Amino acid sequence: MVCEIDLRRYDIGVFHVGLDGKAFGSLDKFDKAMADQGRPVLLAMNAGMYHQDLTPVGLLVEDGREKAPLNVADSEGNFFLKPNGVFVVRKDGKAAVMETSAYAAARPDVMVATQSGPMLVIDGRLHPRFEQNGTSRYIRNGVGVRDENTVVLAISRSEVSLGSFARLFRDALNCPNALFFDGVVSALSNGERMIVGGNYPAGPIIAVSAKR
C-alpha cells in the first residue's frame with residue numbers, strides 16, 4: 001500500500017511517548033490517545049527501529065525537540081547496514097531523506113526526524129549491499145521523498161526482499177532517496193483501525209494529519 005503526502009496540504013509528525021511520559025507502544029494506543037486529545041490522525045505507521053524498552057535506536061526529533069541522539073555506531077542488524085539514514089521535515093516545511101553521514105555534517109534545522117536503516121535508495125541508486133531479490137522476505141515499510149514537498153510512505157501486503165522493496169521506491173514511486181523503517185512489525189492504520197499489519201509493538205511512530 002502506498003500513501004503520497006503533499007506537505008503543502010498535510011502535516012507529518014513523529015511521535016514516541018504520550019502525556020504520561022511512556023511510549024505509546026502500538027499504533028492502536030497512539031490512535032486512541034490522539035483522538036482523546038482532539039488531534040485525530042489520517043494515518044499512522046511505525047517509523048524506526050527500537051530497543052526492547054521501545055526507546056529509539058537512532059535519532060528522534062519530535063516537534064523540533066531532539067528526544068534521542070543521532071546514532072553513528074557500527075553494529076549488527078538492518079539499522080546498521082550502512083549507509084543508513086534519516087527522514088526529516090525541516091522547519092521550513094520541506095522534506096528529505098539523508099544519509100546519516102550527510103545529516104551529521106549538515107545538521108539541518110528540523111521539526112521532525114527519525115533515523116533508521118538501511119537506506120533503500122541513495123540519489124537514485126539502490127543500496128550497494130542489496131541482492132537483486134534476496135531470500136530474506138518480510139512485510140516491510142519505509143519512506144521516500146519524491147521532491148521536497150512530496151513524501152511517500154509504503155508498506156507491503158506480502159513478504160518482500162529489501163531489493164524488490166527498494167526498486168518499488170526508485171522505479172515505481174520515483175523517489176531518488178528512500179529509507180527502510182522496519183520489517184515483521186510493520187503496520188499502517190487510518191487513525192481508527194488497522195489497514196495493514198496487526199497490533200504490533202511500536203517505538204517511533206509517523207503520523208499524517210490535516211494542516212492546523
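The values are calculated or read from the model by the stated rules, or taken from the named source; none is laboratory data. These numbers come from a predicted model, not from an experiment. All Cβ positions, even for glycine, are placed from backbone atoms using ideal geometry, and neighbour counts span all protein chains on display.
Quickly run through the stretch 108-147 and pick out the residues that are among the charged types (D, E, K, R), closer than 20 Å to P83 by Cα and either in a loop (DSSP other than H, G, I, E, B) or touching a His at 6+ places or on another chain (Cβ under 8 Å) (or both).
Once the filter is applied, which keeps residues that are among the charged types (D, E, K, R), closer than 20 Å to P83 by Cα and either in a loop (DSSP other than H, G, I, E, B) or touching a His at 6+ places or on another chain (Cβ under 8 Å) (or both), the stretch 108-147 yields D123, R129, E131.
Within the stretch 170-193, count every residue that is surrounded by fewer than 24 Cβ atoms within 10 Å (Cβ to Cβ), in contact (Cβ under 8 Å) with a residue 40 or more places away in the chain and among the charged types (D, E, K, R).
2
Kindly provide the set of residues from the stretch 192-212 that are under 17 Å from V151 (Cα atoms), of a type in the set (G, A, S) and modelled with pLDDT of 95 or more, ordered by number.
A207, S209
I need the full set of residues from the stretch 148-199 which are of a type in the set (S, T, Y) and assigned to a strand (DSSP E or B), in order please.
Matches in the stretch 148-199: T150, S189.
Any residue in the stretch 82-101 that is free of Cβ contacts under 8 Å to residues at least 60 places away in the same chain, among the hydroxyl-bearing types (S, T, Y) and assigned to a helix (DSSP H, G or I)?
yes
Based on what the data block shows, is A44 crowded, with 20+ Cβ neighbours inside 10 Å and not in a loop (DSSP other than H, G, I, E, B)?
Yes.
For the list (1) more than 24 Å from V89 (Cβ to Cβ); (2) surrounded by 19 or more Cβ atoms within 10 Å (Cβ to Cβ); (3) more than 16 Å from the chain's Cα centre (by Cα), I need the number of the one condition that H127 fails.
(1)
Hey, among R167, R129, R157, R107, which residue is more than 16 Å from V14 (Cα to Cα), in contact (Cβ under 8 Å) with a residue 60 or more places away in the chain and among the charged types (D, E, K, R)?
The match here is R157.
Just give me the residues in the stretch 15-54 being over 14 Å from G203 (Cα atoms) and in contact with a helix residue (DSSP H, G or I) (Cβ under 7 Å, 6 or more places away or on another chain), in sequence order.
Residues satisfying the conditions are P40, V41.
Name every residue in the stretch 91-103 that is over 20 Å from G77 (Cβ atoms) and of a type in the set (A, V, I, L, M, F, W, C), in order of residue number.
Within the stretch 91-103, A95, A96, M98, A102 meet the criteria.
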